[in-house]
Every structure is written in structure tokens, then in C-alpha cells.
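First comes the structure, then the notes that go with it.
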Ligand SMILES: *Cc1c(COP(=O)(O)O)cnc(C)c1O
């Protein structure tokens, strides 16, 4: 149990130990193209290499493994349609723990089937994400299931933070890290791990220009609500919670720079990864590259050692090809 409200590097070390038999270490790969282009050493952290295609498996696994025996027996529940829902389902299945995912009736059949095939019990209600969320909490109450939150949970944050430890292991001279931001669990965990070891390391957050709730919340000084616009970085959509307990404060404390990227820059970055590295990334996963390639954003100094987190690859073939075709 993480008792105090303040997470420390100890929690990240504990998470690494906890998940080590279940989540693989991902490669850190030097991009010759990006290094040449930015006159620095640029490394890609391939969080696309996990079983379900994103880093969310780290936090979900750490959270589930930290439940009590009784809680594990009763099972877990979530209302995420995306990478978090898949990670929770996958992790629970591996650990022989029942998982329920609540979805609205509007969620496309393909997504429902993916979650079912990973072993989730899918409950469909209402026609909005809010209906699914309300039902999720009701069912959790009635059946004693544990809701696994996507980012604002200490064990989830510590799990994502294990990426920071791997970066330090593989490239101790790292001095700049570029991290996609939505709810801020990924950013908070990595920044905690890095800054605890070396406060000189720069951590740069990236979101899309369209509906970046964390960015505008930081400017407002408190969590705000925004209408969602369609974006290629769909995994970065969603609020940060009006009662946000951890990630808002952690992002505020650690962030050195917050960059927003356009839809064109995201598409160009996805195409860049394909062209130069034959690497498939979803929009959210390519936002760090988008930030680096947009030269007017001038993020990197000569001779920097930079790591860019490629956070996920869940995108269908058709939307992928549509996104990259004009930039190849
Ligand atoms: C969830 C997610 C993010 C953002 O993570 P947060 O912890 O919500 O900031 C980034 N990229 C991908 C692919 C994701 O699934």
C-alpha cells in the first residue's frame, strides 16, 4: 500500500520489482535520422512493444498486483474503451482475476470484440461514455469490484514510472525526455523517477492542440473541463477529473516545457516513423516526434541526449493509412 499522499522513487522501485515477471522491459533505440536532423543523440523508447500495444500495461499490472487477496478474488472493473481498458483486461486475465469493462452501446463492435477476446466481461449500457462510467461505479459498489483508474492512482503512476528507471539504466547520460500527456499518469511517473535521480534532466510534455485538458488546466491553475474535438491523438482525449488528486500537482511540479502539436504535425510524425524506421505508431504515440520535428519549437540543444516516448500503436489499418498517405 502507498500510504502517504506523496509518491517517492521508492514507490517506483517497488513497482519495478512487482511487475518484473509480468511486463517486459522495452527497447531504447537510437534514431540515426532524428539524431542527425537535430544535431543531438535522439533515442526512441518503444512502448509499442508491449503485448497490448501501449505502456498502460505497466500501471494496470502494478495496481492489480497491489490489491488484497480478497479484492483480487472479487475482480476489477473499468469503463475505458481504449488502451487502458485493454491493459486492465489483459493484465487481469494473465493474473486469473475477473475483469469487467462497461461500455456504451455506441462503442464500435470491433472494440467490443477486442476486449471480449482479451477475456473481459463486457457490459453495454446507455449511449454515452458518461452512462458507461456511472454504471461502472454502480456495479463496482454492488459487486465489490475495484475500479482501476487510468491515471490518477499512486500505483498506476508508479507503474508508468518504471519507464524512467529503464531510461536511466540504458542511457545514464540522458538529459531531455519528451512525454505525451493526457491525464498525466505517464508524465508524472517518468518525471518522478528521473527528477529524483537527477533534477537537471528536462522533462517536456506534449499534447495535441485540440482539447488538451491538462495544458489548459495548468494555465487556469485548477482542473477544467473542455469539449472534445476529434484528433489523430485520440488516446490523449479525456478529462483529468475535477477532483484530481495526484497528476495535476505532479505535472505542475515537474514540467519544464509543455508543447502543443497540430494535426498535420502528428500525421507527419507518424509517417516519419514509418518511412525512416518502419515503425507503426498511433497518433498519441507520435506526438513526441511531432514536437521534435517542428523546428520552430526548438526543443533540443546541440549534443543533448534525448529520449522520446513512443507510447502506443493501437490504430486500425484504414485510419493509419489515411493519416500518413499525404506525408510519405
Ligand atoms: C493513455 C495514453 C497516453 C497518455 O497517458 P496519461 O497517463 O493519460 O497522460 C499517451 N499515449 C498513449 C498511447 C496512451 O494510451
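Bear in mind these aren't lab numbers, they're just calculated from the coordinates by the rules spelled out. Keep in mind that what you see is a predicted model, and the values were worked out from it rather than measured. Neighbour counts are summed over all protein chains in view; Cβ atoms, including those assigned to glycine, are modelled from backbone coordinates with ideal geometry.
Here are the numbers:
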{"quantity": "Highest average packing first - 102-109, 232-239, Cβ atoms within 10 Å", "calculated": "232-239, 102-109"}
{"quantity": "Angle in degrees between helix 154-170 and the longest Cα principal axis of the chain, rounded to the nearest 10", "calculated": "30 degrees"}
{"quantity": "Gain on full stretching of the segment that runs from residue 109 to residue 94 - 0.36 nm per residue minus C-alpha separation", "calculated": "3.0 nm"}
{"quantity": "Helix-derived mean residue ellipticity, 222 nm - over the chain, DSSP H n ≥ 4, -39500 (n - 2.57), to 500", "calculated": "-13000 deg cm²/dmol"}
{"quantity": "Share antiparallel - DSSP beta bridges, the chain, percent rounded to 5", "calculated": "10 percent"}
{"quantity": "Distance between modelled label sites at residue 127 and residue 252, nm, 7 Å Cα→Cβ extension", "calculated": "3.9 nm"}
{"quantity": "Burial order of peptide ranges 211-222, 315-326 (average beta-carbon count within 10 Å, highest first)", "calculated": "211-222, 315-326"}
{"quantity": "The chain: relative contact order as a whole-number percent, Cα under 8 Å and 6+ apart", "calculated": "20 percent"}
{"quantity": "Label-to-label distance, nm, for residues given as residue 138 and residue 327 (7 Å Cα→Cβ offset)", "calculated": "4.2 nm"}
{"quantity": "Cα shape, region 232-328, gyration tensor, a/c 1.5 rule", "calculated": "oblate"}
{"quantity": "Burial ranking of peptide ranges 15-26, 42-53 (average Cβ count within 10 Å, highest at the top)", "calculated": "42-53, 15-26"}
{"quantity": "Cα gyration tensor, region 35-115 - rounded (a/c under 1.5), prolate or oblate", "calculated": "oblate"}
{"quantity": "Length released on extending from residue 219 to residue 35, taking residue separation times 0.36 nm less the Cα-Cα span", "calculated": "63.0 nm"}
{"quantity": "Projected label distance in nm at residue 242 and residue 303, using a 7 Å step from Cα toward the beta-carbon", "calculated": "5.2 nm"}
